[in-house]
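Okay, so here's the structure we're looking at.
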Amino acid sequence: MIELDKEVEIERAQQESLSVLFFYTPFCSTCKIAERMLSIASAANGMKEQTYKVNLNYFPDLAEKLTIQSVPALTIFENGQAKETIFAFESVVRLNTLLLKYKKR
């Protein structure tokens, strides 16, 4: 998972044909668990290079723009369009299914 810490990097990632942005805050223990789950699912699907993480403490405007009201959150982008956002990670299986859904397009 690639950490993005500049606005221009985030914008570039959003414009990719397929990208997964994981939003977190450092002191969120649920975020740490969700990050591990996402790492497993993205590795299993060969999507490690398309999976990014963003510390929302530094990007409150982005959180507002994407209507992210809690963390952890995950948004899937296709060609600059936010296609789906989830807040409940539930399981590696659910994340795997979600990633496969977009990878196959």
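When the residues of segment 59-94 are narrowed to those that are over 14 Å from CYS31 (Cβ atoms) and among the aliphatic types (A, V, I, L, M), which ends up surrounded by the fewest Cβ atoms within 10 Å (Cβ to Cβ)? Steps first, answer last, please.
Of all residues in segment 59-94, those over 14 Å from CYS31 (Cβ atoms) come to 59-62, 64-67, 69, 75-85, 90-94.
Filter again for among the aliphatic types (A, V, I, L, M), leaving 62, 66, 76, 82, 92-93.
Working: LEU62: 18, LEU66: 18, ILE76: 20, ALA82: 14, VAL92: 15, VAL93: 10.
Among residues in segment 59-94 that are over 14 Å from CYS31 (Cβ atoms) and among the aliphatic types (A, V, I, L, M), the one surrounded by the fewest Cβ atoms within 10 Å (Cβ to Cβ) is VAL93.
Out of the residues in segment 6-57 meeting the condition of being closer than 23 Å to GLN81 by Cβ, of a type in the set (Asp, Glu) and in contact with a strand residue (DSSP E or B) (Cβ under 9 Å, 6 or more places away or on another chain), tell me which one is modelled with the lowest pLDDT.
Residue satisfying both the conditions and the ranking: GLU49.
Considering each residue of segment 78-105, count those that are touching a residue at least 12 places away in the same chain (Cβ under 8 Å) and at negative phi, and give that number. Write out each step before concluding.
We begin by selecting, within segment 78-105, every residue touching a residue at least 12 places away in the same chain (Cβ under 8 Å); these are 78-80, 82-87, 89, 91-92, 95-96, 98-100, 102-103, 105.
Then drop every residue that is not at negative phi, which leaves 78, 82-87, 89, 91-92, 95-96, 98-100, 102-103, 105.
Number satisfying all stated conditions: 18.
Tell me, yes or no, whether segment 53-67 has at least one residue that is outside any loop (DSSP other than H, G, I, E, B), among the small types (Gly, Ala, Ser) and under 13 Å from the mean Cα position of the chain (by Cα).
Of the residues in segment 53-67, the ones outside any loop (DSSP other than H, G, I, E, B) are 53-58, 60-65.
If we keep only those that are among the small types (Gly, Ala, Ser) too, we end up with 63.
Keeping just the survivors that are under 13 Å from the mean Cα position of the chain (by Cα) gives 63.
Yes.
The values are calculated or read from the model by the stated rules, or taken from the named source; none is laboratory data. These numbers were taken from a predicted model, which means no experiment stands behind them. Counting neighbours? That spans all protein chains shown, and the Cβs are built from the backbone with ideal geometry, glycine included.
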